[in-house]
Every structure is written in structure tokens, then in C-alpha cells.
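Presented below is the structure to which this report refers.
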Amino acid sequence: MTSQVRGVQLARLLGQWHALPGRRRSPDYAALAAAVRGLLADGRLPLGVRLPAERELAEALRISRTTVTAAYRQLRETGHLASRRGAGSWTMLPGTHRVASTGLWTPLDDRDMIDLGVAALAAPPELVPAAHAAVEDLPRYLSGAGYHPTGIIELREAVARAYTARGLPTSAEQIMVTSGTQHALDLVLRLALAPGGNVLVESPTYPNALAALAARRARISTHGLAVDGPGWDADLLLGSVRQTRPKLAYLIPEFQNPTGHLMPAELRERLVATAHAAGTDLVIDESFVDLPLDGTPLPPPTAVFDRHSRVISIGGMSKPYWGGLRIGWVRASAPQVQRLAAARVGVDMASPVLDQLVAVHLLAQAPAIVAARRDQLVTQRDALLDVLAERLPDWRVEVPRGGVTLWAELDGPISSALARAAEEVGVRLAPGPRFGLDGTLERFLRLPFTLPAADLVEAVGRLAAIRYDLDRGAGRPRWREPAVIA
Ligand SMILES: Cc1ncc(COP(=O)(O)O)c(C=O)c1O
């Protein structure tokens, strides 16, 4: 699929592209090229799209065509643009970059880059021994063909036991193993949502869920979360379910990504009842359920309140264990699991047996591994909070009671500009608009505390330095002076 971005669209995406630090020192063409690279870096400009012709962009930005020509030339030189005479120019990535799990790209060879775009921990020390033990187990499976569309039974049983231990009686027939939570979501959407169906999500929400919904051409409406308090406004949330009667609602009740909010038990119960009355299926993403911090008690799983198979829960190993395992799951009714397995045959057929065995060994040590992860996260979260209070005291943060991210309210709508500038000083950020639908959320920034404390402190130090430059580079920030609309 070739898509094209028009001059006015790119101009809108670029926004205040000249508001980069050092803007006064670097020529216009370099600032423009840097801004386009920034859009690629934060995923707002996709790969493989055709950029507008030079003249069209020059008109849209009200700058000279020579500036655009020079910017495109620089983008070609840095490997971000491929051009064919007469056919146009397409966005691409330099060969030395990889795509990170957030969809952001990161340089392979830049060891000094601190990646705050990815909210996931490095693997625990138990992983390699678990992999060795899994290899020892493998011969038990080798006499079969190795295709298990719902997952190997011992992993399904282990996952079912964990749900039961959380107060939600579950049998192995109700579990389907997937290749990560993202895959679980995609499969559920294939089953439960016709193309073009309407879906309610939180705003902000997890960007890759938005990507999965976009792939189903979903019509998305949002429930805006408050920064503080419980986050969800019960009356507004239930009101929009009643009024818009979405086919499906995708929610993250445990330590919501990115805000860290925890949905109270009472709202879970009312939500399930309201969803049932409205004919709405609830897809509940429990990615962070294992990571309450500071001994925060967990409300019952949302599915506890479900009497009508309205709630499909998804979760996985990525956050408490390791993203590279690519193990997730769906908990649903046994017939739904069978239908999901049938849908999966047309997608990837089954998950790798060896990886599932590694997961079995890790889950067998869950209490110890997860306790160590929580300790590590508390230390890192507190280090991040301390350095933010010291270096960027104007940013407002709520202390999250679990999960792996802070959702910082910045001192202005600068998130994208900050992310672009941060690239230049070796910090990768996922700016606020990545977590919404329409380019809003510029006042917010997600900061994960999944890296070692020293890296977090260093990263915030660099951000504090460029935050100051951002103001100087752009003159007095425009956002302080509301524009008059006549
Ligand atoms: C809310 C949420 N859902 C799903 C995922 C994807 O998880 P997985 O790596 O298991 O596919 C993530 C990862 O960041 C997440 O934050």
C-alpha cells in the first residue's frame, strides 16, 4: 500500500518545526530535515509514505523551495528518504536502525542512546536457566507435529491456575496461548469486531492497541482519563457506553499504560453490568496486573463480575518477565477460545513450543521473580521521581501505585518538540500525542522506570538541559500567549 502525505498534512504534523534548540544556529533546511526525522522517530510519520513534492511543501510551509530541496537532500544523505526521478520521495530508515517494540526506531550502533520510548524491563536472571530447563523438556513434544493452536496444555494450566489464585476460577480450556499480548488483542479483534465497528478506548492509551484497532478500521471513541484521582470518571465512562453502545471497549484497568491508574472494584462491577446492557464486549488488558508496587492491594479481576461471557481478558509475560519471550494469552469462555483458535489457523497457526516451555519454567518461579521485579521497579521509580523533582520541578507527576510508567504533565504543550530535541542529546522519548488519536496530549510525556536508576538520572539531566534550550531556541514559548481566533 503506497500512501502519500500532502503538503498541508505534513505542515500540520511538523507544527512548530523551527522550535528546536539551536534553531538560531542551524540553517532552516537542517531544522526542517531534523523535524522530519523527529516525526519518523516518534512514529507520527510512517515509513514508506510519499512525501509531498518540494514545491507543494514549500508553499504549505511558506518557505523557499530551495530550503525544501536542501532538506530533502539531507534526508536522502542520512538514509531517511529514497527518491526516484519523476516518481517522488519515500520515507525510510537508515540501515543501521532497528524498530523498537513501541514502533519507534533506535540506532543499533548508538550505545549512548538512553531509550525511554520502551516501557519494558531487561530479562531477569532466571531466564537462561529456564531456557536450559525448557530444552530438557522438549523431547516430550518431539513425537508430535508441534502445532498447538490454543497452546501447550501445561502452560494453559499454569496460566489458569494464576487466574484462579487471583479469585477468578479458570480452567485450561478457557486459556489460549498467543505470541504476546499484542497478538492476543489482534486475534480478539478479528473475532469480535467487524471492520468499521465502533470501539471505546481510554485516552491516553497504549499506542500499539490503537494500531491494532486502526488495522481493523475501527471507529474509535475515547474516554478521557484524569491525571489525578482514580483516572476514570465513572459517570462519564458508563454514560458513553450507554449512549454510544460500542461493539467493544478496550481498557487497561491495572496500572493503565501510560497513566498508571488502577480501576476501583466498584467501577469494574458497574462497567461489566453496563457493558452487558449495552451489548458491548469488554477487552481487558491485564499486562501490568503482576506489578502492584508498595503493597498496593489489587481489586478483583474485571472478569469476576461477568456472567455473560462479555469480558475477554488478555495478558502476558512481557512486563513481569521479558518481552523477548513473546508469550501472552487470552482468557475467555471455552467456546470463544475454540473460535479464536480457528481464527488463528489463518494467521500463525500456533506459538513456538520451546518458548512456551520457557514460560512454564518461569511461571513456576513466579513469586520470587515477580517480587524481585517489584523491588527493582520501586527503586527505579523513586529515583526517577527524585530527579524529576530536583531537575524539572515544574512537571507534575502522580506517584503510580504500580506498573512501569509515570505520566508527566509538562510545563507546556512541548512534548513532540522535546522528543525531537531529546534525540539530539541521546534520549529517546515517546511523546504524549503517541498515546492519543488526534495530535492532542502535547502537554504530557510518558516516562518509564524500566531502566537502571543511573540511566534515568542521566536521561532526566539531559532533558532538563534541553528543556531550557527549547525556550531559548524558540524565543518566548508561543504556548504562553493564547492565539486570538477572530
Ligand atoms: C497495555 C499493553 N498491552 C500490550 C502490550 C504488548 O505486550 P506484548 O509484548 O505481550 O505483546 C503492552 C506493551 O507495552 C502494553 O503496555
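Does the range 271-306 hold any residues that are closer than 14 Å to Leu251 by Cα and out of contact with any Gly (no Cβ under 8 Å at 6 or more places or on another chain), and which are they?
Listed by number, the residues that qualify are Leu271, Val272, Ala275, Thr280, Asp281, Leu282, Val283, Ile284, Thr302, Ala303.
Considering only residues that are over 17 Å from the mean Cα position of the chain (by Cα) and not in a loop (DSSP other than H, G, I, E, B), look in the range 320-335 and name the one that is farthest from the ligand (Cβ to nearest atom).
Out of the qualifying residues, it is Pro335.
Taking the range 165-211 on its own, how many of its residues are of a type outside the set (A, V, I, L, M), within 18 Å of Pro253 (Cβ to Cβ) and part of a strand (DSSP E or B)?
Summing the residues that are of a type outside the set (A, V, I, L, M), within 18 Å of Pro253 (Cβ to Cβ) and part of a strand (DSSP E or B) in the range 165-211 gives 2.
Got a sec? Which of His183, His223 is within 16 Å of the ligand (Cβ to nearest atom), over 23 Å from Arg326 (Cβ atoms) and in the same structural domain as Gln336 (by TED's automatic domain parsing)?
Going through His183, His223 in turn, just one is within 16 Å of the ligand (Cβ to nearest atom), over 23 Å from Arg326 (Cβ atoms) and in the same structural domain as Gln336 (by TED's automatic domain parsing): His223.
Taking the range 133-164, which residues are part of a loop (DSSP other than H, G, I, E, B) and in contact (Cβ under 8 Å) with a residue 60 or more places away in the chain?
Those that are part of a loop (DSSP other than H, G, I, E, B) and in contact (Cβ under 8 Å) with a residue 60 or more places away in the chain: Gly146, Tyr147, His148, Pro149, Thr150, Gly151, Ile152.
Counting only residues that are of a type in the set (Lys, Arg) and part of a loop (DSSP other than H, G, I, E, B), which one in the range 43-91 is nearest to Asp438 (Cα to Cα)?
The residue in question is Arg44.
Within the range 238-319, considering only strands (runs of 3 or more DSSP E) that don't extend past its boundaries, which have at least 2 residues that are within 14 Å of the ligand (Cβ to nearest atom), touching an Asp or Glu at 6+ places or on another chain (Cβ under 8 Å) and small (Gly, Ala, Ser)?
Strands (runs of 3 or more DSSP E) meeting the threshold: 311-316.
The values are calculated or read from the model by the stated rules, or taken from the named source; none is laboratory data. Not measured: the values here are computed from a predicted model. Glycine gets a Cβ as well: all are built from the backbone with ideal geometry, and neighbour counts include every protein chain shown.
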